[in-house]
1. Scan the range B:31-48 residue by residue and report those that are surrounded by 16 or more Cβ atoms within 10 Å (Cβ to Cβ) and in contact (Cβ under 8 Å) with a residue 12 or more places away in the chain.
2. Any chance you could count how many residues in the range A:82-102 are open to solvent by 50 Å² or more (accessible area, probe 1.4 Å) and farther than 17 Å from B:ASN49 by Cα?
3. When you check B:GLU41 against the structure, is it over 12 Å from the mean Cα position of the chain (by Cα) and at the interface with chain A (Cβ under 9 Å from one of its Cβ atoms), yes or no?
4. Identify, by number, the condition in (1) free of Cβ contacts under 8 Å to residues at least 60 places away in the same chain; (2) outside any strand (DSSP E or B); (3) facing chain A (nearest Cβ under 8 Å) that B:LEU51 doesn't meet.
5. Please indicate, with yes or no, whether at least one residue in the range A:10-17 is within 16 Å of A:SER93 (Cα to Cα), open to solvent by 20 Å² or more (accessible area, probe 1.4 Å) and not polar (S, T, N, Q).
6. Can you tell me which condition A:PRO8 does not meet? The list is (1) at pLDDT 95 or above; (2) more than 13 Å from the chain's Cα centre (by Cα), and all the others hold.
7. Any idea which of A:THR113, A:THR20 is in contact (Cβ under 8 Å) with a residue 40 or more places away in the chain, more than 14 Å from chain B (Cβ to nearest Cβ), under 14 Å from the mean Cα position of the chain (by Cα) and surrounded by fewer than 18 Cβ atoms within 10 Å (Cβ to Cβ)?
8. Examine the range A:72-81 for a residue that is under 29 Å from B:ILE4 (Cβ atoms), open to solvent by less than 20 Å² (accessible area, probe 1.4 Å) and outside any loop (DSSP other than H, G, I, E, B), and state whether such a residue exists.
Amino acid sequence: EADIYQTPRYLVIGTGKKITLECSQTMGHDKMYWYQQDPGMELHLIHYSYGVNSTEKGDLSSESTVSRIRTEHFPLTLESARPSHTSQYLCASRAGTAISPLHFGNGTRLTVT
Amino acid sequence: GQNIDQPTEMTATEGAIVQINCTYQTSGFNGLFWYQQHAGEAPTFLSYNVLDGLEEKGRFSSFLSRSKGYSYLLLKELQMKDSASYLCAVIKAAGNKLTFGGGTRVLVKP
C-alpha cells in the first residue's frame, strides 16, 4: 500500500507557467526529500527537509523551491516552468533513525512544452 | 563530496547468479542501501548494511566492507522479473542525505 502520495502523476504544461508538485506522507516521518531523475539516468537530490520549517538545497542545483509547514506535506514549486525542467520528480520520506530507509512516492512525470 | 561507482549494465541468464558491485568514497560513512527500480517506476528498498559482513534476505544478499569502501548485491536464482536497475546509495553520519550511484541495469535473459 502507498503511504507516500504524489500528485499529479503526469503533468504537461506550457513554458512560463507556475506549478506545484504535491507530496504527502502518512507515516509521520520527519525527513522528506525531492529527487529529480531523467529516464535511465541517476537520481539527483534537489531538496530535503529535516522537519517542519526546515528545508535545505540538495546536491543538484534547481530553480524549484520547497516548503515544510506541516510534517506530512512537502510541496515543490516551479515559479516559471521551462523545457529544461522536463523530468521525473520523486518524493521520498524516512524516519528519524540514522539507518532508516527511504520510502518513495510514485513520482510526477513533468513535461514542459 | 561522494563518489559512488557501479557498473552500467549487466546481463545474466534466468536461474543464474549475478553480483553487482558498488564502490564509494566518502567521509563520515554511516551506511549503505540497495534499491531496485523497474523502468518507469519508483525505487523500492531491498537492503541496508551498516557493519561489515553479509546480510541475507531470501534470494538477495548484500555485503559491505567499510575499510575497502565496497559493497555488492548478490541476486540468486534469477527470474525474468529481476530485470531492473539496482541502485546503491550511501548515507553519511551527518546531514542525513542519501546519495545514489548511477545504478546498474540488469537484463535477465531466458
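The values are calculated or read from the model by the stated rules, or taken from the named source; none is laboratory data. This structure is a prediction, so every number in the text was calculated from the model and none was measured. Neighbour counts are summed over all protein chains in view; Cβ atoms, including those assigned to glycine, are modelled from backbone coordinates with ideal geometry. Just so you know, the surface numbers come from the protein's heavy atoms only, side chains and all, with ligands and any DNA or RNA stripped out. Shrake-Rupley method; radii C 1.70, N 1.55, O 1.52, S 1.80 Å.
1. Across the range B:31-48, the qualifying residues are B:GLY31, B:LEU32, B:PHE33, B:TRP34, B:TYR35, B:GLN36, B:GLN37, B:PRO43, B:PHE45, B:LEU46, B:SER47, B:TYR48.
2. Count: 4.
3. Yes; evaluated as a whole, the condition is true for this residue.
4. Here B:LEU51 meets the rest and fails (3).
5. no
6. Status for A:PRO8: all satisfied but (2).
7. None of the others qualify; the one that does is A:THR20.
8. yes
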